[in-house]
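I have placed the structure first, in the form of structure tokens, so that the comments after it can refer back to it.
The values are calculated or read from the model by the stated rules, or taken from the named source; none is laboratory data. All values reported here derive from a predicted model rather than from experimental measurement. Virtual Cβ from ideal backbone geometry, glycine too; neighbours counted across all protein chains shown. Please note that ligands, DNA and RNA were not included when accessible areas were found on the heavy atoms of the full protein model with its side chains. Shrake-Rupley method; radii C 1.70, N 1.55, O 1.52, S 1.80 Å.
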Amino acid sequence: MEMINATGRRKASIARVYLTKGDGKILVNGKPYKEYFPQQHIQATITDPFDTVKLDYGIYDVKINVKGGGFKGQAHAIRMGLSRALVELSEDFRKPLKERKFLTRDARVVERKKYGKPKARKSFQFSKR
């Protein structure tokens with residue numbers, strides 16, 4: 001194994017994940033992931049795939065390029081990309097990751113605004129007379 005790469009997506013976020021042998025560094029856009037995502041619950045989202053398959057992430061370096069969307073969408077895109085990379089590493093990881101729905105693309109995106117309405121579905125107040 002020299003390098004495994006995978007792609008994860010969520011809403012408008014796209015994450016490219018590169019997994020290599022190393023000493024446990026997780027870099028997101030060139031920064032350590034704890035610096036890029038200061039919130040604790042978002043940091044846990046990123047390390048969830050490792051915890052699910054009970055794999056020590058101290059033996060792999062993870063380099064992530066992520067763009068688009070907000071911090072939560074980016075974190076979920078990273079989680080999906082990392083899960084896909086782990087499945088490429090070993091097919092045994094597929095079942096636990098699939099049970100937690102880490103390999104499923106969440107296709108929900110914001111609905112577009114329609115003309116004649118203030119938002120996508122909201123209507124102006126109706127007056128009969």
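Output the residues belonging to region 36-70 that are in contact with a strand residue (DSSP E or B) (Cβ under 9 Å, 6 or more places away or on another chain), surrounded by fewer than 21 Cβ atoms within 10 Å (Cβ to Cβ) and in contact (Cβ under 8 Å) with a residue 24 or more places away in the chain.
Correct list: F50, Y57, I59, D61, K63, N65, K67, G68, G69, G70.
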(request) Report, by residue number, each residue of region 78-129 that is in a loop (DSSP other than H, G, I, E, B), surrounded by 13 or more Cβ atoms within 10 Å (Cβ to Cβ) and of a type in the set (K, R). (result) R100
(request) Among residues belonging to region 1-31 that are within 26 Å of S90 (Cβ to Cβ), out of contact with any strand residue (DSSP E or B) (no Cβ under 6 Å at 6 or more places or on another chain) and free of Cβ contacts under 8 Å to residues at least 40 places away in the same chain, point out the one that is surrounded by the most Cβ atoms within 10 Å (Cβ to Cβ). (result) G24
(message) Among (1) over 11 Å from the mean Cα position of the chain (by Cα); (2) open to solvent by less than 20 Å² (accessible area, probe 1.4 Å), there is one condition A75 misses while meeting the rest; what is its number?
(response) (1)
